[in-house]
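Everything below concerns the one structure shown next.
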Amino acid sequence: MPQTVKLKPEKLKPLREMNPRFLSYNIEFAEVTGGTFWKAYTPAQIAGKEAFHVEPSDNGIEAMYKDLMQVYPPINLYNEKLRALAGELGEVWIRVSGTWATKTYYDFEGTTDGQAPKGYLNVLTKEQWIGVLDFVKAVGAKLMVSMANCPGLHSAEEPWNPSEAEKLFSLSRKYGVPILAAEFANEPNMMEETGFPKGYTPAHYRRDQDLFFAWLRRNYPECLCVGPSTTGGDGLTFGKGGVEQLVFDICDCAELLEGTKEPLDVFSYHYYNGVSERLASVMPEGHWSAEEATGEAYLATAAEFARTYLPLRDRYCPGGEIWVTESGDAGGGGNTWASTYLDVFRTLNELGSFASLTNGVIFHNTLASSDYGFLSRQVFEPRPNYFAALLWNRLMGTTVYDAAEPIREGVRIYAHSRRDGGEGAAYLLINHSLTEALCVELPKGGECYTLAGEGGDLRAKIMTLNGKPLVLEDPYSLPPLEPKKVPAGEMTLEAGTCTFLVL
């Protein structure tokens, strides 16, 4: 029996105003410099016809990297197609970070011949960083980074120093693209595992974050101090039943922030629903199967993360925004279905549920690397999540309303103002039931944008809009994102669809 909802846009009550750059994205440091990153899935694995498996090792994840990783060349940030598609997403923050950022040396004088100095693992050239700055400028974005904090810069007992940070910040400012937000480090609650000096502790981190933020405020006061950029910990269940630690101990936000002297301007954390199939064999309790990806428990995870961090934000950054500075379907480069329509349910639900709880920014990980990127590697073909994000940014306005419709089995409904500034509202209706249609009663006519997997396939690499495949018309041109006109009265949304309604 189909469920029925009645939309009443004239009675919606506003909850908050959202950051206009709410939906933003990451460019990995490893992408900019080139290097190892998560191994690409095969077409058969993406289609769900072939399993990805790696043999566990008693020596932890690093011992399995030969099976998990591959080497990629640097991204071409001057590519016209990449710039055109990124520009279509509108106003965004771009975060250039990731695990590599913690261990990268900035060779802006060209003295290393590409060889990382002792204590570093990677090298960033001046030309590569100018490529980032040119890209940020070309798409009208704002730039965010995290810092190097590794044995090449200092030991655990030696305080952090700004010698490397000054290179990055001064070049960016002189070039006319200042760094406007910074986290001290990426995922610091994993300590040595994230690249910090040997013997590094939360006390060392608190000391060094204070040093960095104090330095920022003296020298680059336009830059927001963001943190702590943690992943996991804080009593969160990562995946269905938690993740057993392999070679590291995760600490909580309180251990990183309690007693610090320099306040945060923005509170940040990372959100992934669990671990990907690449890591499932060694962390089985942290992995969700494709069959669970439209279920209630799976889709509830994003809101659970946000609710966990809300009181921590209130404690350590009262009145500040929350930024999810990395978000994707699964840690470890994404699941086999991350590049398909099946992940659109999670992506759109995260946006809707987060905005219903708090203000801030969500940085999708990534723009064009890994299987969860908006665009495919190297050739930059848009994936279903790209078009979902594009429609969100074009249709959903910054005023968030109480949709007056509770989450129920198989249905999630969110309401915002219209991005075009018109009277009425823009709704997102996610019918994640795979068996039941949804009946919607409309008080007036409007415009409908229904998304589905091509051919009814949830793991389709191509998504349809009102039945038409969303593929580029030429290397640089988007297809028409045309709505279907719907009259007042009843309409039916089929099972397994996501629909924007502008009324």
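Across all Cα atoms of region 153-262, the radius of gyration (one decimal) and Dmax (whole number) stand at 15.3, 49 Å.
Helix 126-138 axis versus longest C-alpha principal axis of the chain: approximately 30°, rounded to the nearest ten.
Can you list, largest first and rounded to whole Å, the semi-axes you get for region 408-503 by taking the square root of 5 times each eigenvalue of its Cα gyration tensor? Don't skip to the answer; put the middle values down first.
Working: eigenvalues 98, 73, 25 Å².
Equivalent ellipsoid of region 408-503: 22, 19, 11 Å, largest first.
About the Cα centre of the chain, what is the dipole size in debye to 20, counting +1 per Lys and Arg Cβ and -1 per Asp and Glu Cβ, all else neutral? Walk me through the numbers before you get to the answer.
Numbers: 45 positive and 65 negative charges, 263 e Å.
Around 1260 debye, computed over the chain.
Cβ-to-Cβ counts within 10 Å put S229, S417, S163, S268 in ascending order as S163, S417, S229, S268, the fewest first.
Simple spin-label estimate for Q115 and T4 gives 7.6 nm between the two label positions (7 Å along the Cα-to-Cβ direction from each Cα). Looking only at chymotrypsin sites (Phe, Trp or Tyr not before Pro) in DSSP loops with at most 14 other Cβ atoms within 10 Å, what is the longest site-free stretch of the chain? After excluding every exposed loop site, the longest remaining stretch is 249-475.
Based on DSSP, what percent of beta bridges with both residues in the chain are antiparallel, to the nearest 5? Walk me through the intermediate numbers first.
Working: 43 of 86 bridges.
Rounded to the nearest five, the antiparallel share is 50 percent.
Close amide H partners of A437, meaning residues 5 or more places away or on another chain with modelled amide H under 5 Å apart, are A495.
Just how many % of Cα pairs in region 272-336 lie over 16 Å apart, if you round to the nearest whole percent? Pairs farther apart than 16 Å: 52 percent. Summarised as an ellipsoid, region 21-163 has semi-axes of 26, 26, 14 Å, derived from the eigenvalues of the Cα gyration tensor scaled by 5 and square-rooted, with the largest first.
Just how large is the dipole of region 128-245 about the Cα centre, in debye to the nearest 20, putting +1 at every Lys and Arg Cβ and -1 at every Asp and Glu Cβ?
Working: 11 positive and 14 negative charges, 103 e Å.
In total the dipole reaches around 500 debye.
For K137, the lysines whose Cα comes closer than 22 Å to its Cα, not counting residues fewer than 8 places off in the same chain, are K81, K126, K167, K174. On a per residue basis, the convex hull of the C-alpha atoms belonging to region 363-455 measures out at 148 Å³.
From its DSSP helices (H runs of at least four residues, each -39,500 (n - 2.57)), the chain gives a residue-normalised ellipticity at 222 nm of -7000 deg cm²/dmol. When you restrict to C-alpha pairs under 8 Å that are six or more residues apart and normalise by the size of region 435-503, the relative contact order lands at 50 percent. Computed over region 17-399, the Cα gyration tensor eigenvalues convert (square root of 5λ each) into semi-axes of 28, 24, 23 Å, ordered from largest to smallest.
Rounded to the nearest whole Hz, the Karplus-based 3J(HN,Hα) values (6.51 cos²θ - 1.76 cosθ + 1.60, θ = phi - 60°) of region 339-346 follow the sequence 8, 10, 4, 4, 7, 5, 4, 5, with x at glycine and proline. Taken over the alpha carbons of region 411-458 as equal point scatterers, the Debye sum produces base-10 log I(q)/I(0) values at 0.32, 0.33 Å⁻¹ of -1.41, -1.44. When exposed loop sites are taken as GluC sites (Glu not before Pro) in a DSSP loop with at most 11 other Cβ atoms within 10 Å, the longest stretch of the chain clear of them is 245-408.
Quick one: Debye curve from the C-alpha atoms of region 308-376, no solvent, what's log10 I(q)/I(0) at q = 0.16, 0.23, 0.28 Å⁻¹? The Cα Debye sum returns log10 ratios of -0.60, -0.98, -1.23.
Quick note: the coordinates plus some simple rules give every number you see, no bench work behind them. The shown structure was predicted, so the numbers you read here are calculated from the model rather than taken from an experiment. Virtual Cβ from ideal backbone geometry, glycine too; neighbours counted across all protein chains shown.
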